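Participant: Below is the structure I would like to discuss, written out as structure tokens.
The values are calculated or read from the model by the stated rules, or taken from the named source; none is laboratory data. Not measured: the values here are computed from a predicted model. Note that each Cβ is placed from the backbone with ideal geometry, even for glycine, and that neighbours are counted across all protein chains shown.
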Amino acid sequence: MTLSPVFRSAAAVQLLQENGILERLQPALASQARAVRTIHADLGALLDPAFLAPAPEVPEGSEKDVVESLTFLQEYFFLVLFRSLFESLGVPASRLDAYAELNFCIKGTITAADNIFDEQAKSLLPLRTGRGARFLSILQLMCFERLIRRALDRLIAAGQATPEGADQVLKGLLDLMARIGKLEGSEEGGVEEIPHPEVMIDRVHRVRGGALFALAFVPPAVLEEGTTRDRILAAEPAVARLGTAFQIVDDLTDFEFDVERRSHNLLVSQVHHHGSDEERAALGEILDGAAPAPGVVEARFRESARAVLERAYTEARGAFRDLGALGFWFPESLADEVVHAIVGLEGVRRMEEITRG
């Protein structure tokens, strides 16, 4: 999974506007937009123009281009949220844009790697590679490896990091990415065991989702000092809980895909261990090879799906409560709405059906 687009539904957009979230995120949004433009500009110095496509328009992030800014926020919500969180934790302005650049590179690296696992072709860079989807992903991986190094070199040149610190950042990122990748690799060819839900959350979701979000905290955890570093380290577990919530919800929207490739899925675990006789019978048919019917989650597994969703609520509420205790402004009262919003456009109808009545 990736740090995917969120807040696609009209209700989610209205949530951002009515609760003043977009206004509060404006400085972080502008910073993240600058970071994306900087990395796109760096790409031109790394790669022959024959492999470059025109860079997409990136908003300035000002209140004058609200529509464009909202579209950008939908695509990069978690990166913008992390940037705002870093500011509230005391990270100096001189490093905030740099962390936004690094997190864009992290997102791009994870997206490219996820493409290879899932046979997709998402791209965060304006590349021209022809029809080769795997080549697009491989080229992205090679480019982002160099782009993240350039971002760190800028910090060194500005006196905001040492070469040794930059190397520690790269090692910390690679170690954590390897941990996530090992989990993904363990599912190649499918899995046979269906762990208990609590076990699956600890072994799978806190890695695939929690460790994924924790990647954003590697650079400041290395480069910050004193009380700011202490606050960064205190906030990281809460953000990991938010990532866990994201992965739990992702299992609801990706149920059919996960069943087809026989990868870990929390709804499968919930039905297998705690579902009704009718739910377990329906799941057995699917695991034996029957194609899932359209809307099967909300039609045949609704009660178990609600139980899975409640687990996501618990993680998200705890995350925002703990971040609030550290002084982060995002309201804990909106935790459930964030859980609904992070499903992306394809999961909006499913969430509405599961929670109805």
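Participant: Exactly one of these conditions fails for Glu353: (1) within 23 Å of the chain's Cα centre (by Cα); (2) modelled with pLDDT under 95; (3) part of a helix (DSSP H, G or I). Give me its number.
Facilitator: Here Glu353 meets the rest and fails (1).
Participant: From the residues in segment 258-278 that are under 12 Å from Val308 (Cβ atoms) and outside any helix (DSSP H, G or I), which one is nearest to the chain's Cα centre (by Cα)?
Facilitator: Among residues in segment 258-278 that are under 12 Å from Val308 (Cβ atoms) and outside any helix (DSSP H, G or I), the one nearest to the chain's Cα centre (by Cα) is Asn265.
Participant: State whether one or more residues within segment 130-150 are touching a strand residue (DSSP E or B) at 6+ places or on another chain (Cβ under 7 Å), in a loop (DSSP other than H, G, I, E, B) and either modelled with pLDDT under 95 or closer than 18 Å to Leu79 by Cβ (or both).
Facilitator: No, every residue in segment 130-150 fails to be touching a strand residue (DSSP E or B) at 6+ places or on another chain (Cβ under 7 Å), in a loop (DSSP other than H, G, I, E, B) and either modelled with pLDDT under 95 or closer than 18 Å to Leu79 by Cβ (or both).
Participant: Follow-up question, since we're still on this one. If Ser31 meets every condition in (1) crowded, with 19+ Cβ neighbours inside 10 Å; (2) modelled with pLDDT under 90 apart from one, which number is that one?
Facilitator: (2)
Participant: I'm checking my understanding of the structure. Among residues of segment 158-176 that are touching a residue at least 60 places away in the same chain (Cβ under 8 Å) and in a helix (DSSP H, G or I), which one is farthest from the chain's Cα centre (by Cα)?
Facilitator: In the first step, residues of segment 158-176 are kept if they are touching a residue at least 60 places away in the same chain (Cβ under 8 Å); the result is 158, 160-161, 169, 173.
Then keep just the ones that are in a helix (DSSP H, G or I); that gives 169, 173.
On the way: Val169: 19, Leu173: 15 Å.
Restricting to residues being touching a residue at least 60 places away in the same chain (Cβ under 8 Å) and in a helix (DSSP H, G or I), the top hit is Val169.
Participant: Which of the residues spanning segment 222-239 are touching a residue at least 24 places away in the same chain (Cβ under 8 Å) and more than 19 Å from the chain's Cα centre (by Cα)? Break it down into steps so the answer makes sense when it comes.
Facilitator: First pass over segment 222-239, keeping only residues touching a residue at least 24 places away in the same chain (Cβ under 8 Å): 222-224, 227-228, 231-232, 234-235, 237-239.
Selection gives Val222, Leu223, Glu224, Thr227, Thr228, Arg231, Ala234.
Participant: Being closer than 13 Å to Glu187 by Cβ and of a type outside the set (D, E, K, R) is the filter here; which residues of segment 250-275 pass it?
Facilitator: Answer for segment 250-275, where residues must be closer than 13 Å to Glu187 by Cβ and of a type outside the set (D, E, K, R): Phe257, Val259, Ser263, His264, Asn265, Val268.
Conditions (1) within 27 Å of Leu183 (Cβ to Cβ); (2) under 21 Å from the mean Cα position of the chain (by Cα); (3) surrounded by 23 or more Cβ atoms within 10 Å (Cβ to Cβ); (4) small (Gly, Ala, Ser), marked per residue:
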| site | (1), (2), (3), (4) |
| --- | --- |
| Leu70 | no, yes, no, no |
| Leu73 | no, yes, yes, no |
| Gly90 | no, no, no, yes |
| Ser94 | no, no, no, yes |
| Ala112 | yes, yes, yes, yes |
| Gln120 | yes, yes, no, no |
| Thr129 | no, no, no, no |
| Ala133 | yes, no, no, yes |
| Arg146 | yes, no, no, no |
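Participant: Here's another thing I want to ask about it. Pull up segment 255-278, narrow it to residues that are among the charged types (D, E, K, R) and without any contact (Cβ under 8 Å) to a residue 40 or more places away in the chain, then point me to the one that is surrounded by the most Cβ atoms within 10 Å (Cβ to Cβ).
Facilitator: Taking the candidates together, the pick is Asp258.
Participant: For segment 99-129, give me each residue that is part of a helix (DSSP H, G or I), in contact with a Leu (Cβ under 7 Å, 6 or more places away or on another chain) and of a type in the set (D, E, K, R).
Facilitator: Lys107
Participant: Do we find a residue being in contact (Cβ under 8 Å) with a residue 24 or more places away in the chain, outside any helix (DSSP H, G or I) and either of a type in the set (Asp, Glu) or surrounded by fewer than 20 Cβ atoms within 10 Å (Cβ to Cβ) (or both) anywhere in segment 196-209?
Facilitator: Among the residues of segment 196-209, at least one is in contact (Cβ under 8 Å) with a residue 24 or more places away in the chain, outside any helix (DSSP H, G or I) and either of a type in the set (Asp, Glu) or surrounded by fewer than 20 Cβ atoms within 10 Å (Cβ to Cβ) (or both), which makes the answer yes.
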